[in-house]
Structure formats: structure tokens, C-alpha cells
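Heads up, the thing below is written out as C-alpha cells.
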Amino acid sequence: MLSDIVKSENIILNLESEFKDDLFHEMVEVAVRQDRTINREEVICALEEREEKLNTCVKTGVAVPHANCDSVRNTVLIVGISASGVDYETARVGDQSYEKSRVHVVLMLLFEKGNAGQHLKVLSDCARVLQAPEFVHSVLSAKTAEEVCYAIRNLEVDF
């Protein structure tokens, strides 16, 4: 469950980034501060390679960038929130059905290599949470990192 890996210290309530490339750097910095063994450059490259395959904007206003990395030992979830939105370059997506290209909620997931089962389970849990109509509103209206954690835990109660 996402509530097992969400940590208040890994939540950015006011993202400063305006563009996707800057966003990745800003969010990965949080992971590196929490675990100095995480290789910043490796993670950025892995995220960018994944994005080149398919844009990870999964629904209007929400993106779930994710990557497998040698330097990641345990699954890491970093949540980023931007009231003004980040240009996530969704215009490059073939069947563009998203409003503009602004993303307001980002769930960045970093996985250790070789643990496909954990990877798929966490992405599945993420998909279930994102299906809840109230998810985006509850996260965007949160005033503290603890409220974001609570919102995620509260939505998972129904699973």
C-alpha cells in the first residue's frame, strides 16, 4: 500500500519547478537527502529514459514518473504539489486528452532493480488511489505534509 511508503518528509507542498526537467531534479533531491546512497544522476537518467518511452501524466493534472535504479534499495515515494502546475509536456502524448499540459500532483516512485513484483504492486496501489474522485482535491487542499499522508491513508481504507 502507498500508505506503507509515504513519509511526510518526502512531500513537497509547494513545488518550485515550472517544467518537467526541473521537477525531476527538485523531487530527486528530496530522495537523495533522505538516502545518500541514491545516485542522483542515475535516477534522473532513468526517469528521463522512462518518460521518453511514454509520458507518465496518467490523468488530468496528475503524473506518476517512476524508474528502476541500481542505487535505490527500498521503494521511495515522493509527492509533489504545485498550485500553479508544472508544464509536463503532455502535448507530446499521442491521444492528447488532458487539459493543457499542467500537472498539479506528482507521485514519483523509485524502485530497486530486480524487484518487479514490488514495482507492479505499488503501481497497482497507486492506480487505485488515483481512481478515487476525491484524491486530487484532498491532496491539493492539504495544508501540511501530514494531511497529504492522511489523505492517502484514508483513500486506501476502502481497498
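Show the residues, 5+ positions off or on another chain, whose built amide H is closer than 5 Å to the amide H of ASN39.
Amide H to amide H, under 5 Å and 5 or more residues apart or across chains, ASN39 pairs with SER71.
Output wanted: per-residue J couplings in Hz (rounded whole) for segment 134-146, from phi through Karplus 6.51 cos²θ - 1.76 cosθ + 1.60, θ = phi - 60°, x for Gly and Pro.
After applying 6.51 cos²θ - 1.76 cosθ + 1.60, I find 8, 4, 4, 4, 5, 6, 5, 8, 5, 9, 9, 4, 5 Hz.
Can you list residues whose amide H is under 5 Å from ASN68's amide H, if they're 5+ apart or on another chain and H is modeled 1.01 Å from N?
PHE111
If you look at just the Cα atoms of the chain, how large are its Rg and its Dmax in Å?
For the chain, the Cα-based Rg and Dmax read 14.4, 39 Å.
I'd like the carbon and sulfur percentage of the solvent accessible area for the chain, probe radius 1.4 Å, heavy atoms only, ligands and nucleic acids excluded.
The nonpolar share, carbon plus sulfur, comes to 48 percent.
Quick one: accessible area per residue over the chain, 1.4 Å probe, rounded to a whole number of Å²? Don't skip to the answer; put the middle values down first.
On the way: 8230 Å² over 159 residues.
Result: 52 Å² of accessible area for each residue.
In whole angstrom, note down how far apart the Cα centers of segment 141-158 and segment 107-122 are.
Each part's Cα centre sits 21 Å from the other's.
Among 70-76, 84-90, what's the highest-first ranking by average C-beta atoms within 10 angstrom per residue?
Listed from highest to lowest mean packing, they are 84-90, 70-76.
For segment 111-119, in order, what is each residue's ³J(HN,Hα) by Karplus, 6.51 cos²θ - 1.76 cosθ + 1.60 with θ = phi - 60°, in whole Hz (x at glycine and Pro)?
Once rounded to whole Hz, the list reads 10, 6, 5, x, 10, 4, x, 5, 4.
Can you compute 3J(HN,Hα) from phi for each residue in segment 4-10, using the Karplus curve 6.51 cos²θ - 1.76 cosθ + 1.60 with θ = phi - 60°, rounded to whole Hz and x for Gly and Pro?
6, 10, 6, 10, 4, 6, 9
Tell me which lysines have Cα within less than 17 Å of LYS53's Cα, excluding those fewer than 8 residues away on the same chain?
Within the straight-line cut-off, LYS53 pairs with LYS20.
The values are calculated or read from the model by the stated rules, or taken from the named source; none is laboratory data. Since the structure is predicted, the reported quantities are computational estimates derived from the model, not experimental observations. Every residue, glycine as well, gets a Cβ built from its backbone with ideal geometry; the counts of neighbours run over all protein chains shown. Heavy atoms of the whole protein, side chains included, go into the accessibility calculation; ligands, DNA and RNA do not. Shrake-Rupley method; radii C 1.70, N 1.55, O 1.52, S 1.80 Å.
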